[in-house]
Amino acid sequence: MTPPVIVGAGPAGVRAAQALAAHGLRPVLVDEAPRAGGQVYRRPPAHFRRSPAELYGSEAARAVALHAAADALADRIDHRPDSLVWNAQGGVLDVLQRGRIERLPYDGLIVATGATDRVLPVPGWTLPGVTTLGGAQVALKFQGCAIGERVVLMGSGPLLYLVAYQYAKAGARVVAVLDSARLADQVAALPMMLTRPAILMKGAWYVAWLRAHGVPIVRDARPLRIVGGERVEGVEFEQGDRLQAIECDAVGIGHALRSETQLPDLLGCRFAFDELQRAHLPLRDAAGRSSVPGLYLAGDGAGILGADAAEWAGERAALALLEDRGLPVDAARARALEQRLAGLRPFRRGLERAFPFPIDWAARADDELIVCRCEHLSAGQLRRTVRETGADDINRLKALSRVGMGRCQGRMCGVAATEILAQACGRPVGEVGRLRGQAPIKPVPLSALSSAPSAVPEPEAAA
Ligand SMILES: Cc1cc2nc3c(=O)[nH]c(=O)nc-3n(C[C@H](O)[C@H](O)[C@H](O)COP(=O)(O)OP(=O)(O)OC[C@H]3O[C@@H](n4cnc5c(N)ncnc54)[C@H](O)[C@@H]3O)c2cc1C
């Protein structure tokens, strides 16, 4: 019998697998990472010896619980680590596992692929020594090292303070935290954020700890450029009218997160623009059912709601899959999970208020700024293409300029390119479309593709 498949072994995927196994199914759980845990509870290699408390801080108990749940499933599910799903089409996934491609059919699919950093480039962001905030955190969690000896972290969002705290606590030197949000934004968000006082207190604790340990926090900071030669040497920024400079040898940047939505896209899910998250997201009902029958969405991959919500959404999506197969489920539990998820919405709005997207970013971006580093395209080249061709859709701009056609497939540059396009053609960002997913959604070696001719994707159609 064809099994249900879950893509992503983070909090959402593990709880989904647990719920399916508890109801007698044996799902396949696929993840490109070597161990279950996802981003927030990413596990280091087995021989690393940092304790959960050192690795996950106040989240240690949750991390240990999720890892234990994943380990306990070992003989009740088919867990496939180190396995990248790089293509999906009606009922079949193409999976790259240790250099070989396998076709994985499914009967019911839960996509729980999480998120990545939302990057807004600044001049100099392509210098060696610059990484995303998430990348900086992965270095710490997975490799036990910092990205440099004097690190500036900048952008905005909760991850900014969390990474700064984790770095400083682990003994790395954080020379500054540059937050583009203003203190007034964070104060204005308080009533909404008080709906989840424990999370709010955690955020306040990180800030207080950083201040108490002498880490400078600059709010309302506008990065002007990252300077350097062969590697990062410093950051120039302005706060109000004051120009300032800080020396450093590494920079982590990020403006919150963006959902990984390529698989639902390849599988034909309907999307809609979400004003709050300033992104096109796949539509789903309260239980996680997408617009495609048999396809369920859970966790940050369907909209950023955080780790707790991911666990609830993963379980709820699994219950939906079971319900749709006519299997009996605990309806009260399903309702309770939906209520918990709905209860997070005010806090989510609060986060956007506290760390607002810098909507003037595109207007302030110089023509020389590199937006798409894979194809080496600047903001000016994108604007010129828009001017000369009248392009007002991001896929049209992609076809004309190659933006988003490189290795990252728009996962890194897509947000920025869309913002530049909207600014250049004078349309709201929600009206210029979204970069369509194309296989392979992440790089796949040609040697692996040639070993599996049936899996080679159709050539990309000209937009
Ligand atoms: C870099 C980063 C760091 C973060 N750190 C924190 C933190 O410290 N604390 C916190 O509260 N929140 C953090 N967040 C947010 C946090 O990740 C989420 O709230 C939570 O982990 C979401 O759980 P999830 O199960 O939806 O997704 P994730 O935990 O992201 O899990 C998704 C899984 O899907 C896998 N995957 C994705 N695409 C594919 C594919 N095509 N094929 C195979 N596998 C795939 C990934 O390897 C990953 O293991 C972080 C987010 C990011 C992007």
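Here are some notes:
- Test: residue in region 308-323 that is surrounded by fewer than 20 Cβ atoms within 10 Å (Cβ to Cβ) and in the same structural domain as Leu66 (by TED's automatic domain parsing): yes
- Among residues of region 44-66 being touching a Pro at 6+ places or on another chain (Cβ under 8 Å) and touching a residue at least 24 places away in the same chain (Cβ under 8 Å), the one that is farthest from Leu104 (Cα to Cα) is Arg50.
- Boolean, Arg289 is in the same structural domain as Gly134 (by TED's automatic domain parsing), more than 12 Å from the ligand (Cβ to nearest atom) and on the phi < 0 side of the Ramachandran plot: no
- For Ala245, the stated conditions do not hold, so it cannot be described as open to solvent by less than 60 Å² (accessible area, probe 1.4 Å) and either modelled with pLDDT of 95 or more or within 22 Å of Glu59 (Cα to Cα) (or both).
- Given (1) over 30 Å from Gly155 (Cα atoms); (2) buried (at least 22 other Cβ atoms within 10 Å of the Cβ); (3) away from the ligand (no atom under 16 Å from the Cβ), index of the condition Ala336 fails: (2)
- Subset tally (residues that are open to solvent by less than 20 Å² (accessible area, probe 1.4 Å) and within 19 Å of Leu449 (Cβ to Cβ)) for region 87-109: 6
- Tallying residues that are within 24 Å of the chain's Cα centre (by Cα) and open to solvent by 40 Å² or more (accessible area, probe 1.4 Å) within region 286-307 yields 4.
- Of the residues making up region 63-75, those that are open to solvent by 40 Å² or more (accessible area, probe 1.4 Å) and not in a helix (DSSP H, G or I) number 2.
- Among residues of region 8-62 being among the polar types (S, T, N, Q) and either assigned to a loop (DSSP other than H, G, I, E, B) or touching a His at 6+ places or on another chain (Cβ under 6 Å) (or both), the one that is least open to solvent (accessible area, probe 1.4 Å) is Ser51.
- Condition check for Ala112: touching a helix residue (DSSP H, G or I) at 6+ places or on another chain (Cβ under 9 Å) and without any contact (Cβ under 8 Å) to a residue 24 or more places away in the chain: no
- All positions within region 22-36 that are within 7 Å of the ligand (Cβ to nearest atom) and either closer than 14 Å to Ala70 by Cβ or at pLDDT below 90 (or both): Val30, Asp31, Ala33
- Pairing each residue of region 178-190 that is open to solvent by 30 Å² or more (accessible area, probe 1.4 Å) with any residue that is among the polar types (S, T, N, Q), provided the two are 6+ apart or on different chains, yields C-beta distances under 7 Å for Ser180/Ser156.
- Scanning region 191-213 for residues that are farther than 23 Å from Val152 by Cβ and open to solvent by less than 40 Å² (accessible area, probe 1.4 Å) gives Met193, Leu200.
- Criterion: more than 19 Å from the chain's Cα centre (by Cα) and either within 16 Å of the ligand (Cβ to nearest atom) or more than 28 Å from Ala279 (Cα to Cα) (or both) - qualifying residue of Ala318, Ala342: Ala318
- Filtered residue count, region 406-429, keeping only those that are away from the ligand (no atom under 16 Å from the Cβ) and within 19 Å of the chain's Cα centre (by Cα): 6
- Members of region 248-306 that are of a type in the set (A, V, I, L, M) and farther than 28 Å from Val138 by Cβ: Ala272, Leu283, Ala286, Ala287, Val292, Leu295
- Yes/no for Leu283 being at pLDDT 95 or above, touching a Phe, Trp or Tyr at 6+ places or on another chain (Cβ under 9 Å) and either open to solvent by 50 Å² or more (accessible area, probe 1.4 Å) or of a type in the set (Phe, Trp, Tyr) (or both): yes
- Ala181 passes every criterion in (1) outside any loop (DSSP other than H, G, I, E, B); (2) closer than 26 Å to Ala307 by Cβ apart from (1).
- Among residues of region 198-233, those that are among the β-branched types (Val, Ile, Thr), closer than 22 Å to Gln137 by Cα and assigned to a strand (DSSP E or B), counted: 4
- Remark: Ile101 matches the filter, which requires a residue to be in a strand (DSSP E or B), in the same structural domain as Arg289 (by TED's automatic domain parsing) and either free of Cβ contacts under 8 Å to residues at least 12 places away in the same chain or away from the ligand (no atom under 11 Å from the Cβ) (or both).
- Within region 34-80, the set of residues being among the β-branched types (Val, Ile, Thr) and within 23 Å of the chain's Cα centre (by Cα) comprises Val40, Val64.
- Members of region 325-356 that are touching a Lys or Arg at 6+ places or on another chain (Cβ under 7 Å) and among the aromatic types (Phe, Trp, Tyr): Phe347
The values are calculated or read from the model by the stated rules, or taken from the named source; none is laboratory data. Please read these numbers as outputs of a predicted model, since none were measured by experiment. Cβ sites come from the backbone with ideal geometry, for glycine too, and all protein chains shown count toward neighbours. Note: accessible area is taken over every heavy atom of the protein model, side chains too, but ligands, DNA and RNA are not part of it. Shrake-Rupley method; radii C 1.70, N 1.55, O 1.52, S 1.80 Å.
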